[in-house]
Amino acid sequence: ANSDPSLLPAVWHLIYIFLKRESWTNITRLRLAEQKAAKSPAEKSAALVSWGELQEDHVGDLDAAMKAFIEATESADDDRLALLSLERAATRTGDLGRLAQTIERQAELTKDSRRRALLLIELAHLQESLEGGTPRRALELLGEAAKVEDDRWHWLGELQRFAERADLPEGVAEALEGRAEIMRSLASIGTTELAEKAGAPRVVDPYVAGE
């Protein structure tokens, strides 16, 4: 009977009641029933996330929570809540490989260009601690972030600072050329809107502009 999808609303109602009563034994049984009754990858992922949260927050079993969150992302790899839950657990356990995978997947999924740039930058900074991570890979990720038009001036600054620190002159050159390109556009068009979109200063810096 637990595998009958029509029982899900009743299961959710009971979970709500038992949560208010903090009846964790009953909630555990119902969370398991919720997983069995899931009829789609999205429902299964949601049920696994709920199970993982129960393990993490009330049972105190972070390994079980990680396992549930991993299964949730495998069931529906576009489930943002599952990815965020796995990211949190990976951060807590220090699993940098898993953390990098979740950040990369979120960057692929997001429609928000600024968020994508921030995620790529976060992933780039992880390369220093990540097994198999390299400065070249970090530079590649920062270069990808620097292509995002919104606040591009800022992303180019991130690229330049990293490249200078890592002694990668091609990265420095890419960042300076990108900023010079923005300043040349401002000089020729001169719109406040363009400056705000790129996050660029309104006063031309001769060093950056290559003058």
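Annotation note: Cβ proximity below 6 Å between a residue of the stretch 24-38 that is of a type in the set (Lys, Arg) and a residue that is assigned to a helix (DSSP H, G or I) (sequence gap 6+ or interchain) occurs for ARG31/SER50; ARG31/TRP51; ARG31/LEU54.
Each row is one residue, and each column tells you yes or no for (1) under 30 Å from ALA166 (Cβ atoms); (2) charged (D, E, K, R).
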| position | (1), (2) |
| --- | --- |
| HIS58 | no, no |
| ALA76 | no, no |
| ASP79 | no, yes |
| LEU83 | yes, no |
| LEU86 | yes, no |
| LEU96 | yes, no |
| GLU122 | yes, yes |
| ARG136 | yes, yes |
| LYS147 | yes, yes |
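If you take the residues of the stretch 26-81 that are among the basic types (Lys, Arg), farther than 24 Å from GLY94 by Cα and open to solvent by 60 Å² or more (accessible area, probe 1.4 Å), which of them is modelled with the lowest pLDDT? Ranking the qualifying residues of the stretch 26-81, first place goes to ARG29.
Provide a single number: the residues in the stretch 82-97 that are in a loop (DSSP other than H, G, I, E, B) and on the phi < 0 side of the Ramachandran plot.
Selection size over the stretch 82-97: 1.
Within the stretch 103-116, residues that are over 14 Å from ALA82 (Cβ atoms) have Cβ atoms under 9 Å from residues that are of a type in the set (S, T, N, Q) in these pairs: ARG115/GLN106; ARG116/GLN106; ARG116/THR110, counting only partners at least 6 apart in sequence or on another chain. GLU149 meets each of the listed conditions (1) at pLDDT 95 or above; (2) under 19 Å from GLU174 (Cβ atoms); (3) surrounded by fewer than 19 Cβ atoms within 10 Å (Cβ to Cβ) apart from (1). Scanning the stretch 98-114 for residues that are assigned to a helix (DSSP H, G or I) and under 10 Å from the mean Cα position of the chain (by Cα) yields LEU99, ALA100, GLN101, THR102, ILE103, GLU104, ARG105, GLN106, ALA107, GLU108, LEU109. Considering every residue within the stretch 115-129, establish whether at least one is more than 18 Å from the chain's Cα centre (by Cα), modelled with pLDDT of 95 or more, surrounded by fewer than 19 Cβ atoms within 10 Å (Cβ to Cβ) and part of a helix (DSSP H, G or I). No, the stretch 115-129 has no match at all.
Say we look at the stretch 165-191 and pick out the residues that are modelled with pLDDT of 60 or more and among the hydroxyl-bearing types (Ser, Thr, Tyr); which of these is farthest from ALA145 (Cα to Cα)?
Residues of the stretch 165-191 that are modelled with pLDDT of 60 or more, as a first pass: 165-189.
In the following step, the residues that additionally are among the hydroxyl-bearing types (Ser, Thr, Tyr) were identified as 185, 188.
Details: SER185: 20, SER188: 25 Å.
Top of the filtered list is SER188.
When the stretch 134-184 is filtered for residues that are free of Cβ contacts under 8 Å to residues at least 24 places away in the same chain and part of a loop (DSSP other than H, G, I, E, B), the ones remaining, listed by number, are THR134, LYS147, ASP167. Just a yes or no: is a residue in the stretch 101-110 of a type in the set (D, E, K, R), over 21 Å from GLU144 (Cβ atoms) and either at pLDDT below 95 or open to solvent by 30 Å² or more (accessible area, probe 1.4 Å) (or both)? Within the stretch 101-110, not a single residue is of a type in the set (D, E, K, R), over 21 Å from GLU144 (Cβ atoms) and either at pLDDT below 95 or open to solvent by 30 Å² or more (accessible area, probe 1.4 Å) (or both).
The values are calculated or read from the model by the stated rules, or taken from the named source; none is laboratory data. All values derive from a computational prediction rather than experimental measurement. Note: ideal-geometry Cβ built from the backbone for every residue, glycine included; neighbour counts use all protein chains shown. The protein model used for the area step is the full one, side chains on, heavy atoms only, and it has no ligands, DNA or RNA in it. Shrake-Rupley method; radii C 1.70, N 1.55, O 1.52, S 1.80 Å.
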